[in-house]
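First up is the structure itself, then whatever we jot down about it.
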Amino acid sequence: MASRLRGSVELSETQQLVQNAVRDVCTDFDDEYWRTCDREGEYPAAFVDELAAGGWLGILIPEEYGGVGMTTEEVVVMMEEVAAGGGGFSGTQAIHGTIYNSVPLVKYGSEELKAELLPEVATGEAAVQSLALTEPNAGSDSLSIETRAERDGDGYVINGQKIWTSRVDQTDYALVIARTTPKADVEKRTQGLSMFLVDVEEAFDRGTLQMEPIEKTASNAVHAFELWFEDLRVPESALVGERDNGFYQLLDGLNEERLVIAAECIGLGELALERGTEYADQREVFGRKIGTNQAIQHPLAKAYARVQAAKEVVYNAAGRLETSERTDGGVQANLAKFLAAEACHEAADIAVQAHGGFGVAREYDVERYLREARLTRLVPIAQELALNYIGENALDLPRSY
């Protein structure tokens with residue numbers, strides 16, 4: 001079943017290698033493992049450790065710094081496989097941060113920082129799992145964040161509040177975005193933000209960082225937090241890249257990450273369809289399998305068609321991203337994320353419906369897939385923001401926000 005549902009795109013030899021290796025890891029973690037992680041709110045540490053042992057956390061880190069040195073074309077395969085292999089969106093989100101937070105360090109970190117930290121990130125010895133960007137009063141309007149980092153002697157002092165910062169309980173370092181020049185004093189609204197690498201444990205020990213978990217109903221194995229920075233002093237070396245250009249550094253790689261999120265949606269959709277189809281082919285009511293009924297069969301077939309169509313868009317975009325202009329790549333990335341999240345949610349919904357009353361029973365897992373699928377329509381951006389980008393940049397319509 002899995003090979004039929006996941007085999008619609010042609011993979012390169014390297015992509016096949018990634019798929020087979022990651023699939024082997026996933027087979028060691030059964031449904032009960034992921035069910036327990038969700039029910040108990042436990043981070044899937046054993047799964048992450050096994051991926052780290054294979055070097056997969058360093059898939060985007062260059063070989064010279066101890067990584068695998070692959071590209072987005074391989075990461076989409078990896079993350080689709082993690083989700084489809086049983087982990088769902090929780091499984092991918094458990095490792096997404098450490099993979100993509102390494103990108104700005106590779107591109108903008110000092111040679112000293114890269115040589116010291118990246119080899120440890122690649123092997124899982126050190127984690128940069130968290131990106132502290134979103135704030136209560138800014139939300140998706142990242143340019144309006146209020147957390148500030150003020151120059152003080154040979155370093156900076158950070159004060160402010162963040163929300164929806166994931167995996168803070170599983171990280172050694174966090175990338176923190178703070179305003180280093182007041183918004184009123186910059187020529188462009190995209191200027192004035194800077195990126196800092198913060199030692200989380202040290203900040204907690206000094207009492208300059210506090211956090212509170214956010215209770216949520218989806219992706220329970222990966223925790224999100226509200227953070228408060230109070231006179232957190234960091235050295236000059238904590239600044240990643242150029243002062244006041246942190247927003248541009250965030251944008252660099254955004255299309256790639258959005259495509260990988262789309263691949264995670266595809267994997268979750270495939271997983272939901274696999275379970276829904278299996279149940280429809282086994283469950284008998286009124287003397288025949290319920291999959292015989294078009295009321296079950298057709299919605300599953302429609303969801304399958306939409307997941308596979310979205311998958312074609314994701315892989316096509318990943319293959320041409322490096323040769324695309326930023327705006328064109330952005331259109332493709334946002335298309336992929338929008339279509340994949342919609343298809344994923346439809347697949348999870350019909351999987352629940354096909355299970356009837358058992359669709360909400362934890363033992364069948366599809367209720368978890370639906371909760372996670374609903375989340376994909378909100379993160380890392382809401383579907384409406386993806387449409388905003390498409391409307392403005394593909395349809396040449398006026399900016400709507």
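The values are calculated or read from the model by the stated rules, or taken from the named source; none is laboratory data. These figures come from a predicted structure and were not determined experimentally. Using ideal geometry, Cβ is built from the backbone for each residue, glycine included, and neighbour counts are taken over all protein chains shown.
Between Thr277, Thr327, the distinction of being of a type in the set (Ser, Thr, Tyr), in a helix (DSSP H, G or I) and under 22 Å from Gly87 (Cα atoms) belongs to Thr277 only. Considering segment 145-160, and only residues there that are assigned to a loop (DSSP other than H, G, I, E, B) and not β-branched (Val, Ile, Thr), the residue that is nearest to Ala224 (Cα to Cα) turns out to be Glu146. Among the numbered criteria (1) crowded, with 24+ Cβ neighbours inside 10 Å; (2) modelled with pLDDT under 95, which single criterion is violated by Asn334? For Asn334, the failing item is (2).
Against the criterion of being acidic (Asp, Glu) and at pLDDT 95 or above, Asp172 qualifies.
For segment 38-85, residues that are within 16 Å of the chain's Cα centre (by Cα) and either without any contact (Cβ under 8 Å) to a residue 24 or more places away in the chain or farther than 30 Å from Arg275 by Cβ (or both) total 3.
Taken over segment 57-95, the criterion of being among the hydroxyl-bearing types (Ser, Thr, Tyr) and closer than 27 Å to Ala218 by Cα is satisfied by Thr72, Ser90, Thr92.
Let's see how each residue does on (1) surrounded by fewer than 24 Cβ atoms within 10 Å (Cβ to Cβ); (2) assigned by TED's automatic domain parsing to the domain that holds Thr36; (3) modelled with pLDDT under 95; (4) under 15 Å from Leu271 (Cα atoms):
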position: Arg320; (1), (2), (3), (4): yes, no, yes, no
position: Arg326; (1), (2), (3), (4): yes, no, yes, no
position: Leu339; (1), (2), (3), (4): yes, no, no, no
position: His355; (1), (2), (3), (4): yes, no, no, yes
position: Val360; (1), (2), (3), (4): yes, no, no, no
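Of the helices (runs of 4 or more DSSP H) lying entirely inside segment 45-144, those carrying at least 1 residues that are surrounded by fewer than 17 Cβ atoms within 10 Å (Cβ to Cβ) are 45-53, 102-108, 111-123. Pairing residues of segment 272-285 that are of a type in the set (Asp, Glu) with residues that are assigned to a helix (DSSP H, G or I), at Cβ distances under 8 Å and at least 6 apart in sequence or on separate chains, gives Glu274/Ala2; Glu274/Leu5; Glu274/Ala84; Asp281/Gly291; Glu284/Ile290. Counting only residues that are in contact with a Ser or Thr (Cβ under 8 Å, 6 or more places away or on another chain) and of a type in the set (Val, Ile, Thr), segment 158-200 holds 9 of them.
Each row is one residue, and each column tells you yes or no for (1) out of contact with any Leu (no Cβ under 6 Å at 6 or more places or on another chain); (2) part of a helix (DSSP H, G or I); (3) over 12 Å from Met78 (Cβ atoms); (4) at pLDDT below 95.
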| site | (1), (2), (3), (4) |
| --- | --- |
| Gln15 | yes, yes, no, no |
| Gln19 | yes, yes, no, no |
| Arg23 | yes, yes, no, no |
| Asp28 | yes, no, yes, no |
| Thr36 | yes, yes, yes, no |
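For segment 25-35, a residue qualifies if it is surrounded by 13 or more Cβ atoms within 10 Å (Cβ to Cβ) and over 15 Å from Leu271 (Cβ atoms), and exactly one does: Val25. Taken over segment 352-368, the criterion of being acidic (Asp, Glu) and in contact with an Asp or Glu (Cβ under 7 Å, 6 or more places away or on another chain) is satisfied by Asp365 alone.
Keeping to segment 378-397, report how many residues are under 19 Å from Leu133 (Cα atoms) and in contact (Cβ under 8 Å) with a residue 60 or more places away in the chain. Going through segment 378-397 one residue at a time, the tally reaches 5.
Could you tell me whether Phe225 is of a type outside the set (D, E, K, R), touching a residue at least 24 places away in the same chain (Cβ under 8 Å) and under 27 Å from Glu372 (Cβ atoms)? So Phe225 passes the test. Considered as a group, the residues in segment 1-13 that are assigned to a helix (DSSP H, G or I), modelled with pLDDT under 90 and not aliphatic (A, V, I, L, M) include one that is surrounded by the fewest Cβ atoms within 10 Å (Cβ to Cβ), and that residue is Ser3. Can you pull out every residue in segment 146-162 that is without any contact (Cβ under 8 Å) to a residue 40 or more places away in the chain and among the basic types (Lys, Arg)? Scanning segment 146-162 gives Arg148, Arg151.
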